[in-house]
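**Student:** Got a structure for you, questions after.
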């Protein structure tokens, strides 16, 4: 593969997650983010662990078909590695992620990678969905690392269309950036310079966005605290939360 001259978010995350599919330009960009927000690697490791937990929960509910939006690279504990028996379709808007992802998945008969703009479900090639997943039954939908960059009015429409498109019994996992980012204005400026404006939310502002989707029992929690079965209540804290997570169903 030709050495790229422009950093890529999927490869930056791969670097933070301890993967091997990144280049010097990605490490340089990662270091810039770490200078502004030193906890960046820990935040995204926590988020990847959250993906693992919600994916295992969804599979435990008898679902073996998954669609992943804003996938990044299918490495380092991404969905098909967590539930290896499932059929998984990864999607992204980034052509570099798609190309590399397809190469990495070439020997996985139940897994595929295709283009989809997460804000426009019509951009998803339905023939690829059928080819990869077969006849759609109850779906597991992973929408993690995406909502933070979509304004409320568009996100509400996206989740509403996703509700109409998916079969009954579908389970959807989401995350939202909390308000801790406001304490790091340099981080917000850096993201804006990359063309990635961050929309920060809290449980009160998140819930109306879910529309007809029904919250599972754990509710909306910091991603580090989300568990399918909470044996002890999550203690409320005055500390700002960097990322919230929730799992909802149709």
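**Student:** So in the range 88-107, with the set limited to residues that are crowded, with 20+ Cβ neighbours inside 10 Å and more than 18 Å from residue 22 (Cβ to Cβ), which one is nearest to the chain's Cα centre (by Cα)?
**Tutor:** By that ranking, first place goes to 91.
**Student:** Can you tell me which residues in the range 181-204 are touching a residue at least 24 places away in the same chain (Cβ under 8 Å), assigned to a helix (DSSP H, G or I) and either closer than 19 Å to residue 142 by Cα or within 19 Å of the chain's Cα centre (by Cα) (or both)?
**Tutor:** Hits for the range 181-204 are 181, 203.
**Student:** Whether any residue in the range 212-234 is more than 19 Å from the chain's Cα centre (by Cα), farther than 30 Å from residue 12 by Cα, modelled with pLDDT of 95 or more and part of a loop (DSSP other than H, G, I, E, B) is what I want to check.
**Tutor:** Scanning the range 212-234, I find at least one residue that is more than 19 Å from the chain's Cα centre (by Cα), farther than 30 Å from residue 12 by Cα, modelled with pLDDT of 95 or more and part of a loop (DSSP other than H, G, I, E, B), so the answer is yes.
**Student:** Using the structure shown, decide if residue 158 is within 19 Å of the chain's Cα centre (by Cα), modelled with pLDDT of 95 or more, surrounded by 13 or more Cβ atoms within 10 Å (Cβ to Cβ) and under 25 Å from residue 34 (Cα atoms).
**Tutor:** Considered against the rule, which asks whether it is within 19 Å of the chain's Cα centre (by Cα), modelled with pLDDT of 95 or more, surrounded by 13 or more Cβ atoms within 10 Å (Cβ to Cβ) and under 25 Å from residue 34 (Cα atoms), residue 158 comes out as no.
**Student:** May I ask you to list pairs of residues, at least six apart or on different chains, whose Cβ atoms are under 6 Å apart, with the first in the range 24-35 being without any contact (Cβ under 8 Å) to a residue 60 or more places away in the chain and on the phi < 0 side of the Ramachandran plot and the second being surrounded by 19 or more Cβ atoms within 10 Å (Cβ to Cβ) and part of a helix (DSSP H, G or I)?
**Tutor:** Pairs that qualify, where the first residue is without any contact (Cβ under 8 Å) to a residue 60 or more places away in the chain and on the phi < 0 side of the Ramachandran plot and the partner is surrounded by 19 or more Cβ atoms within 10 Å (Cβ to Cβ) and part of a helix (DSSP H, G or I), are 26/11; 26/12; 26/15; 27/15; 29/12; 30/12; 30/15; 34/40.
**Student:** Please give the number of the condition residue 56 fails out of (1) within 29 Å of residue 217 (Cα to Cα); (2) surrounded by 15 or more Cβ atoms within 10 Å (Cβ to Cβ); (3) under 17 Å from the mean Cα position of the chain (by Cα).
**Tutor:** (2)
**Student:** Right, here's the next one. Please pick out the residue among 139, 100, 105 that is touching a helix residue (DSSP H, G or I) at 6+ places or on another chain (Cβ under 9 Å) and within 27 Å of residue 222 (Cα to Cα).
**Tutor:** None of the other options fit; the residue is 139.
**Student:** Quick check on residue 63: is it in contact (Cβ under 8 Å) with a residue 40 or more places away in the chain and touching a strand residue (DSSP E or B) at 6+ places or on another chain (Cβ under 6 Å)?
**Tutor:** yes
Quick grid of which residues meet (1) over 30 Å from residue 83 (Cα atoms); (2) touching a strand residue (DSSP E or B) at 6+ places or on another chain (Cβ under 8 Å):
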site: 133; (1), (2): no, yes
site: 142; (1), (2): no, yes
site: 148; (1), (2): no, yes
site: 160; (1), (2): no, no
site: 178; (1), (2): no, yes
site: 182; (1), (2): yes, no
site: 190; (1), (2): yes, no
site: 215; (1), (2): no, yes
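**Student:** Next up: Tell me which residues, restricted to the range 127-151, are within 17 Å of the chain's Cα centre (by Cα) and at negative phi.
**Tutor:** The answer is 139, 140, 141, 142, 143, 144, 146, 147, 148, 149, 150, 151.
**Student:** On the basis of being in contact with a helix residue (DSSP H, G or I) (Cβ under 9 Å, 6 or more places away or on another chain), exposed (fewer than 15 other Cβ atoms within 10 Å of the Cβ) and assigned to a helix (DSSP H, G or I), does residue 28 make the cut?
**Tutor:** Against the criterion (in contact with a helix residue (DSSP H, G or I) (Cβ under 9 Å, 6 or more places away or on another chain), exposed (fewer than 15 other Cβ atoms within 10 Å of the Cβ) and assigned to a helix (DSSP H, G or I)), residue 28 does not qualify.
**Student:** Please determine whether any residue of the range 165-178 is over 23 Å from residue 89 (Cβ atoms) and surrounded by fewer than 17 Cβ atoms within 10 Å (Cβ to Cβ).
**Tutor:** No, the range 165-178 contains no residue that is over 23 Å from residue 89 (Cβ atoms) and surrounded by fewer than 17 Cβ atoms within 10 Å (Cβ to Cβ).
**Student:** Something else about it: Residues in the range 1-25 that are in a helix (DSSP H, G or I) and either within 20 Å of residue 195 (Cβ to Cβ) or within 20 Å of the chain's Cα centre (by Cα) (or both): how many?
**Tutor:** 9
**Student:** Please go through the range 142-180 and give me each residue that is more than 23 Å from residue 217 (Cα to Cα), touching a helix residue (DSSP H, G or I) at 6+ places or on another chain (Cβ under 8 Å) and assigned to a loop (DSSP other than H, G, I, E, B), ordered by number.
**Tutor:** The one that is more than 23 Å from residue 217 (Cα to Cα), touching a helix residue (DSSP H, G or I) at 6+ places or on another chain (Cβ under 8 Å) and assigned to a loop (DSSP other than H, G, I, E, B): 150.
The values are calculated or read from the model by the stated rules, or taken from the named source; none is laboratory data. All values reported here derive from a predicted model rather than from experimental measurement. Using ideal geometry, Cβ is built from the backbone for each residue, glycine included, and neighbour counts are taken over all protein chains shown.
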